[in-house]
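Single-structure report; data block below.
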Amino acid sequence: MTEKTRQQTRPRDDSERQMQESQREKRMQEIGFKLLVLSGKGGVGKSTVAANMALSLALQGKTVGLLDVDVHGPSIPQMLGLEDREVRSDGHAMVPVNVGDNLKVMSMGFMLASKDEPVVWRGPMKYNAIRQFLGEVAWGRLDYLVVDSPPGTGDEPLTVAQLVGSPAGAVIVTTPQDLAISDVRRCVSFCRAVSLPVVGIVENMSGYVCPKCGEKVDLFKTGGGRTLASEMGVPFLGRIPIDPEIVSSGDAGAPFVCASAETPGAKAFDSMVRAVVAYRA
Ligand code: ADP
């Protein structure tokens with residue numbers, strides 16, 4: 001971890017804290033809608049959904065921020081091909097990394113000296129880092145801030161949910177297996193406990209569409225996301241199939257929704273994003 005990161009996450013005194021709080025509130029008020037992407041557990045495609053959702057919104061002409069608060073496993077820089085980028089300061093705030101004209105990205109990954117370096121932090125440091133990502137980044141006016149939260153329903157998603165202010169909502173990502181589905185129940189209950197409206201549930205890695213013949217094969221049981229959504233009274237945003245292009249574009253840092261507009265996966269992202277925009281309208 002760089003000395004700059006260390007200094008930026010140190011605890012501060014009370015008056016400085018109060019100033020930071022009002023600055024954070026002001027910055028958050030400049031954002032039309034905060035969209036928290038959550039999942040019950042890791043590996044279900046939460047970061048993939050967050051990155052592609054932010055890009056799709058930006059491609060539709062919205063001004064968008066993408067904040068990766070996954071302190072322990074920041075994957076957004078790699079997914080968007082931004083690994084070499086560093087965050088600079090304009091003297092007042094950290095300046096997010098621009099992707100195209102209307103997407104601004106901030107990630108813990110930009111602040112680590114090496115991507116193999118683990119972040120060994122206790123809770124209060126993580127809380128401080130998240131607070132600074134929200135309050136001390138020059139986000140400016142945004143239509144949407146998409147937040148890629150760490151998996152689960154622990155301290156970090158709780159901190160984000162408490163600090164973003166309203167209006168905000170959650171998109172919950174799951175895979176179709178029963179185990180993942182039962183984690184989603186906890187996620188929905190978490191949102192209710194912190195009064196965060198659920199925009200909807202996305203069932204990712206749901207079936208496989210053969211790229212040669214177009215036949216759809218359900219590799220695991222599918223449909224669990226929709227059933228759970230109706231059982232828990234929250235919207236269902238759609239199914240994203242397993243798509244090898246998603247893995248290769250994520251690994252190569254070439255955004256999937258830009259590179260593969262005609263694949264079943266890209267179409268699924270597109271309709272999911274339309275549902276999110278309709279929720280806001
Ligand atoms: P999480 O953020 O939940 O840990 P990631 O978004 O990092 O999950 O995704 C984990 C892996 O699964 C990545 O390699 C990603 O490319 C891959 N992946 C995600 N969604 C899909 C999909 N629909 N089809 C194929 N691979 C996917």
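Readers should treat all values here as calculations from the given coordinates under stated rules, not as data from a laboratory. Note that the structure is a prediction, hence the values are computed from the model and not measured. Counting neighbours? That spans all protein chains shown, and the Cβs are built from the backbone with ideal geometry, glycine included.
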Quiz item: With no solvent and one point per C-alpha, what does the Debye sum give as log10 I(q)/I(0) for the chain at q = 0.10, 0.11, 0.14 Å⁻¹?
Solution: -0.49, -0.59, -0.97
Quiz item: Contour minus end-to-end for GLN23 and ARG280, with contour as 0.36 nm per residue of separation and end-to-end as the Cα-Cα distance?
Solution: 90.0 nm
Exercise. Please work out, to two decimal places, the log10 of the ratio I(q)/I(0) at q = 0.14, 0.17 Å⁻¹ from a Debye calculation in which every Cα of segment 133-181 carries one identical scatterer.
Key: -0.46, -0.63
Exercise. Compute the FRET efficiency between ASN98 and ALA193 as 1/(1 + (r/R0)^6), taking r as their Cβ-Cβ distance and R0 = 41 Å, and round to the nearest 0.05.
Key: 0.70
Self-check item: Anchor LYS34: aspartates and glutamates whose Cα lies under 14 Å away (excluding residues fewer than 8 positions away in-chain)
Solution: GLU25, ASP68, ASP143, ASP148
Practice problem: Could you check what % of the DSSP bridge pairs in the chain are antiparallel, to the nearest 5? | Solution: 20
Quiz item: So what is the 222 nm mean residue ellipticity for the chain from helices alone, if each DSSP H run of at least 4 adds -39500 (n - 2.57) and you divide by all residues, rounding to the nearest 500 deg cm²/dmol?
Solution: -12500 deg cm²/dmol
Self-check item: Relative contact order %, segment 3-280, counting alpha carbon pairs below 8 Å whose residues are six or more apart
Solution: 24
Exercise. Count charges around ASP143 for me, please; just the other residues with Cβ under 9 Å from its Cβ, Lys/Arg as +1, Asp/Glu as -1.
Key: +3
Quiz item: Angle between the Cα long axis of helix 123-135 and the longest principal axis of the chain, 0 to 90 degrees, nearest 10?
Solution: 90
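What stretch of the chain, leaving out the sites themselves, is the longest with no trypsin sites (Lys or Arg not before Pro) in a DSSP loop having at most 13 other Cβ atoms within 10 Å?
Formally, the longest exposed-site-free interval is 13-114.
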